[in-house]
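Scroll down for the structure; my scribbles are underneath it.
Quick note: the coordinates plus some simple rules give every number you see, no bench work behind them. Owing to the predicted nature of the structure, the values given are computational and were not obtained by experimental measurement. Heads up, the Cβs are rebuilt from the backbone with ideal geometry, glycines too, and the neighbour counts pull from every protein chain shown.
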Amino acid sequence: MNYDKLRGCELFLFDMDGTLYLGDEVYEGAREMMFDFPNMGRKYIYLTNNSSRAGEDYIQRLKRLGFPCERENVFTSGMATGLYLNKNHPGAVVYLVGTQAFRRELLSYGVRLWDGEEKADVVVVGFDTELVYEKLNYAVRFLRAGAAFIAANPDWVCPMPAGQVLPDCGSICALLTAASGVEPTYIGKPNRNMVDIISNQTGIPNEKICCVGDRLYTDIAVAQNAGAVSVLVLSGETDEEMVNEAERKPDYVLPSVKELHALIR
Ligand SMILES: [Mg+2]
């Protein structure tokens, strides 16, 4: 196996759950690797599709788990949605189906959130763990009246410990599509937009960026869509059989981030 492409990467984008930890259980070698990044002369960003929490919440969580993390080290699908709205729908009235944390995140980007107006220009949906019927009702009304439909992340479910799942953003969108006939534009992984924004902000070209994660259809697909390098770790939801069956293979498959660290240090 030739690791030149991997070793040539300047920036590593890490998925979190299933890659660095599961729930509150941090994987062996994960913290050591993250603390070694400055010594390796490389940059890193924690990249998540979870739009139920704000970037600030992730900084707190990662620090609590013993990982290094500053503001510039976190990028969420919620943050990507804020940037996308500013670029593509500046000044638009946005109706949000999302958590209070997502609401704060969008406000921090200067997004104009719906405040009782007759209609909204854009309906934005996230992983809304605070969902109530009224939000669905308004969203369907605005979508049927022609509002654009933007979704933070396409995940159907969010994995939980002991094999449980929570209904995620993709499932909420499926309900809204059924009622309105409108399909959303998804912002998070595997949309290459996540990598493109980071490349623009850091000045590092996509081919020098490496995406590390445990899911083929999000973490690896985003790398492939963006022309970045991909590393699948087998510490999460994907096993070797699933890799063998995959149409598009990751550039590298490793047991865990511990082996990744050994290869790039
Ligand atoms: Mg994961």
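Data table
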read-out: Neighbourhood charge, 12 Å Cβ-Cβ cut-off, centred on P255 and excluding it, Lys, Arg +1 and Asp, Glu -1; value: -4
read-out: For the chain, built as a Gaussian network whose Cα springs stay under 10 Å, the top-fluctuating residue of E32, E72, E134; value: E134
read-out: Magnitude of the charge dipole, segment 82-154, Cβ model with Lys/Arg +1 and Asp/Glu -1, debye to 20; value: 140
read-out: Residue with peak Gaussian network fluctuation, the chain [Cα springs, cutoff 10 Å], from N244, N191, N49; value: N244
read-out: Dipole magnitude of segment 1-109, debye to nearest 20 (Cβ charges: Lys/Arg +1, Asp/Glu -1, about Cα centre); value: 380
read-out: Acute angle (nearest 10 degrees) that the helix 193-202 long axis makes with the longest principal axis of the chain, alpha-carbon atoms; value: 70
read-out: Dipole magnitude of the chain about its Cα centre (Cβ charges: Lys, Arg +1; Asp, Glu -1), debye to nearest 20; value: 740
read-out: Considering only segment 89-186, percent of DSSP beta bridges that pair antiparallel, nearest 5; value: 20
read-out: Length-normalised contact order for segment 89-186 - Cα pairs under 8 Å, 6+ apart - percent; value: 26
read-out: Local electrostatic count, C9, Cβ distance below 14 Å [Lys/Arg +1, Asp/Glu -1]; value: +2
read-out: The chain: most fluctuating residue of V231, V195, V26 per GNM, C-alpha cutoff 10 Å; value: V26
read-out: Degrees between helix 30-40 axis and first principal axis of the chain (Cα, 0 to 90, nearest 10); value: 80
read-out: P(r) histogram, all alpha-carbon pairs of segment 161-265 included - 5 Å bins from 0, percent; value: 2, 11, 18, 17, 18, 16, 10, 5, 1, 1, 0
read-out: Relative contact order of the chain, pairs being alpha-carbon contacts under 8 Å that are 6 or more residues apart, as %; value: 20
read-out: Reachable lysines, given that their alpha-carbon falls under 30 Å from the alpha-carbon of K249 and they are not under 8 places away in the same chain; value: K5, K43, K189, K208, K258
read-out: Extension gain (nm, one decimal) between E10 and L107, 0.36 nm per residue minus Cα-Cα; value: 31.7 nm
read-out: DSSP-defined beta bridges in segment 1-135 - what % are antiparallel, rounded to 5; value: 10
